[in-house]
Amino acid sequence: MAGVEVKTFDKADEVNDNFNNAKIEAVKVGNQRVMKLTLQPGWKWSKDIKPTVGGDSCQATHLGVIVSGAVCAKHNDGTELTYKAGDAYSIQPGHDGWVVGNEPAVVYEFHGMWGEWSLMPGFVIFNIEIKKPEEYKEYVEKVTPIAKKFGGEYIVRGGETKVIEGAWTYPRTIIIKFPSYEKALEWYNSEEYKPIKQIRLNNSVSNGIIIKGV
């Protein structure tokens, strides 16, 4: 590791805008993950984050500073405090939080979890046998730009295969990596992919899964 390391949030290593009213940008410097959070007026953990992650309250520890706006945190122990521009804060697991006022809150955190489950990539894996190769070519031509629209990148597209354990039903394997599990599902269920998917189904047999990666 270099003696001095600088990263800009303008080119963040991770960007997550999958939640309502929140944008999460993260960089890794000195083997430390640092996050910039932009929370819009009206943002509230129990309204905007809880439906995705579940639980009665946020179970992450947070340590950071706020540079603009204001946020109120209410802990299960009854503590309720508002932190505003210029404040440093520490919040223990078991809390709710919300933006106070009409100004977006911008905070930087050095410890905490903000949607890492959504920052984990999602993988679509198909095990396929092509029955009608000429007709299937139309699927290959049309599927790539639609996958790219949702952030998809082909990691494996056929290739030599050797089964080393158990049974592998069909000879061709396809793996597409998406920025998140949610994006993979969004792609698969999208109106854009629906007619293209039918081309694949009409000209091949397959098994498929969507899985969250690390």
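When DSSP beta bridges are restricted to pairs lying wholly in the chain, around 100% turn out antiparallel. Normalising the average separation of contacting C-alpha pairs (under 8 angstrom, six or more residues apart) by the number of residues puts the relative contact order of the chain at 19 percent. With an a/c value of 1.5 or above and a/b not larger than b/c for the gyration tensor axes a ≥ b ≥ c computed over the alpha-carbon atoms, the range 1-128 is described as oblate. Full extension of the chain between VAL4 and ALA70 yields a length gain of 20.5 nm, computed as 0.36 nm times the residue separation minus the alpha carbon distance. For the range 120-212, the spread of Cα positions along the three principal axes, ordered from largest to smallest, is 31, 31, 17 Å.
Summary value for the range 13-89: 19 percent relative contact order, contacts being C-alpha pairs under 8 angstrom separated by 6+ residues.
From the P(r) of the chain, could you give the percentage of C-alpha pairs in the tail past 33 Å?
Working: 7837 of 22791 pairs.
For the chain, the share of Cα pairs beyond 33 Å comes to 34 percent.
Computed over the range 1-61, the convex hull of the alpha-carbon atoms projects to a mean area of 5.2 nm². Among the listed pairs LYS11/LYS148; LYS142/LYS177; LYS7/LYS74; LYS11/LYS183, those with a Cα-Cα distance over 24 Å are LYS7/LYS74. Label sites at GLU165 and ILE211, each approximated as a point 7 angstrom past Cα along Cα to Cβ, lie 1.1 nm apart. In the range 1-17, whose amide N lies under 14 Å from the spot 7 Å out along Cα-to-Cβ of GLN32? List them in ranges. It comes to 4-7, nothing else. Ranking TYR154, VAL99, GLY78 by how far each Cα lies toward the positive end of the dipole of the chain (charges on Cβ) leaves TYR154 at the top.
No lab work stands behind these numbers, since they all come straight from the coordinates. What you see is a predicted model, and the numbers here were worked out from it, not measured in a lab. Backbone-built Cβ (ideal geometry, glycine too); neighbour counts: all protein chains shown.
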